[in-house]
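The values are calculated or read from the model by the stated rules, or taken from the named source; none is laboratory data. Being a predicted model, the structure only gives us computed values, none of them experimental. As a convention, Cβ positions derive from the backbone with ideal geometry for all residues, glycine included, and neighbour counts pool all protein chains shown. Ligands, DNA and RNA are stripped out before the accessible areas are found, and what is left, the full protein with its side chains, is counted by its heavy atoms. Shrake-Rupley method; radii C 1.70, N 1.55, O 1.52, S 1.80 Å.
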Amino acid sequence: MSTKSKQKGTTAEREVVRYLQQWWPTAERRALSGNKDKGDVAGIPGVVVEVKAAQTQLLTKWQKETAAEQANAGARLCMLVVKRPYKPVPVWDAYLPIGQLPVEFQHFPAAGKGHLEWVRVDLFLGAQFLRFLSPPSSPTTAWT
């Protein structure tokens, strides 16, 4: 990976963390952790967040990577965030596995056997789903 693309990724991670801190003040960029990666954002209990800022979209690969990181972290929930060029952070794409959404949202047509099923929303709505699915564990993360 080139220094320039690594810098783009780091910048995107910082922007996502800053945005998520309005609901999870303890959110922060996660330090690299070798071959047992646990996502790009730490400080949101039970949640793995992976952030991508690449010109070429490799969604299937990134979704598998996010699911693997969720398993590595032992987290209940995960979200893949993909930067949308020239768009503000709240409207970047957020992908969530359908299986972790409330049952009312799980009636989307299947794409095929054996595939992970993901739904795409904007980051604002993705954050709201995570807030709904992982109630605050302390007064500092109160629902507002």
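Against the condition loosely packed, with under 13 Cβ neighbours inside 10 Å, farther than 15 Å from Gly126 by Cβ and modelled with pLDDT of 95 or more, how does Leu58 come out, does it pass? It is true that Leu58 is loosely packed, with under 13 Cβ neighbours inside 10 Å, farther than 15 Å from Gly126 by Cβ and modelled with pLDDT of 95 or more. The lone criterion from (1) touching a helix residue (DSSP H, G or I) at 6+ places or on another chain (Cβ under 6 Å); (2) part of a loop (DSSP other than H, G, I, E, B); (3) open to solvent by less than 60 Å² (accessible area, probe 1.4 Å) left unmet by Met79 is number (2).
Just for segment 34-49: of the residues that are in contact (Cβ under 8 Å) with a residue 12 or more places away in the chain and surrounded by fewer than 17 Cβ atoms within 10 Å (Cβ to Cβ), which one is farthest from the chain's Cα centre (by Cα)? Break it down stepwise before answering.
If we filter segment 34-49 for residues that are in contact (Cβ under 8 Å) with a residue 12 or more places away in the chain, which is where we start, we get 36-49.
Next, from what is left, pick out any that are surrounded by fewer than 17 Cβ atoms within 10 Å (Cβ to Cβ): 36, 45-46.
On the way: Lys36: 17, Pro45: 13, Gly46: 12 Å.
Within segment 34-49, the match that is farthest from the chain's Cα centre (by Cα) is Lys36.
Scanning segment 97-131 for residues being modelled with pLDDT of 90 or more, open to solvent by 60 Å² or more (accessible area, probe 1.4 Å) and of a type in the set (A, V, I, L, M, F, W, C) gives a total of 2.
Among the residues making up segment 21-33, those that are in a loop (DSSP other than H, G, I, E, B) and open to solvent by 40 Å² or more (accessible area, probe 1.4 Å) are Gln21, Gln22, Pro25, Thr26, Arg30, Ala31, Leu32, Ser33.
Whether any residue in segment 3-20 is assigned to a loop (DSSP other than H, G, I, E, B), farther than 17 Å from Leu125 by Cβ and open to solvent by 50 Å² or more (accessible area, probe 1.4 Å) is what I want to check.
No - not one qualifying residue is present in segment 3-20.
Residues considered: Lys64, Lys87. Of these, the only one that is over 17 Å from Gly9 (Cα atoms) and surrounded by fewer than 19 Cβ atoms within 10 Å (Cβ to Cβ) is Lys64.
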